[in-house]
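One structure is given below, encoded as structure tokens.
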Amino acid sequence: MMLSARSWAYIKRVEGGFVNDPDDPGGATKYGVTQVEYDRWLKNRDMPHRAVERITETEAQVFYAERYWGPGHCSQLPWPINLAHFDACVNLGKPPAFVRSNKILQRAINDTGLDTLVIDGLVGAKTLAAVNMHPALNVLLDHYLWRRIEYYLTLRHRRVGKRFMATWLWRLYILREEAQT
């Protein structure tokens with residue numbers, strides 16, 4: 001399973017290189033890959049432990065394809081919804097279930113008034129069909145992004161929300177910009 005080049009370029013842009021921000025609960029990251037997730041990924045591949053700052057760009061692409069793009073069903077979604085959903089899976093996390101990002105997608109579909117999905121957090125045949133048959137993907141994208149903003153606002157009083165709110169909103173701005181190209 002291959003991660004789309006456009007989606008990788010976006011993730012690389014918003015996640016950046018090596019960062020070890022003491023306020024980030026994820027700890028040290030490179031390309032957004034946390035040390036904990038990198039350790040798990042290496043162990044599953046019977047590879048020795050390495051510091052996440054040594055992850056290569058190719059490894060990061062494979063990591064994202066295996067841990068987020070594939071399990072998030074992103075390859076089954078049309079552009080730009082696949083980008084938005086991939087980004088939500090990465091940013092709102094907890095692979096491989098992605099319940100939070102899946103619920104946001106389902107709520108966004110329901111918000112457009114073209115379908116009424118059960119908000120169960122599972123991307124199955126009904127959710128995929130609702131997205132793939134949607135006549136106005138940019139409208140659906142806007143609803144998806146508004147639902148993400150709504151989620152971020154629930155974190156505004158927490159330490160992580162106070163520290164990263166501007167970054168999260170910038171991320172959505174960049175995502176919307178990328179989706180329009």
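Laboratory data are not the source of any read-out in this text; all were calculated from the coordinates shown. Since this is a predicted model, take the numbers as computed values, not measurements. Every residue, glycine among them, receives a Cβ derived from its backbone with ideal geometry; neighbour counts consider all protein chains shown.
A compact table of results
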{"item": "Relative contact order computed over the stretch 34-89 (Cα-Cα under 8 Å; 6+ residues apart), in percent", "result": "22 percent"}
{"item": "Cα gyration tensor category, rounded, prolate or oblate, for the stretch 110-181 with a/c compared to 1.5", "result": "oblate"}
{"item": "Average projection area in nm² (convex hull over Cα atoms of the stretch 20-60, one quarter of hull surface)", "result": "2.7 nm²"}
{"item": "Within the chain: Cβ-based charge dipole about Cα centre, in debye rounded to nearest 20 (Lys, Arg +1; Asp, Glu -1)", "result": "380 debye"}
{"item": "Alpha-carbon Rg with Dmax, taken over the stretch 1-75, Å", "result": "12.0, 34"}
{"item": "Mean separation of Cα contacts under 8 Å, 6 or more apart, over the residue count of the chain: relative contact order %", "result": "18 percent"}
{"item": "The chain: Cα Rg divided by the 2.2 N^0.38 Å rule of thumb", "result": "1.02"}
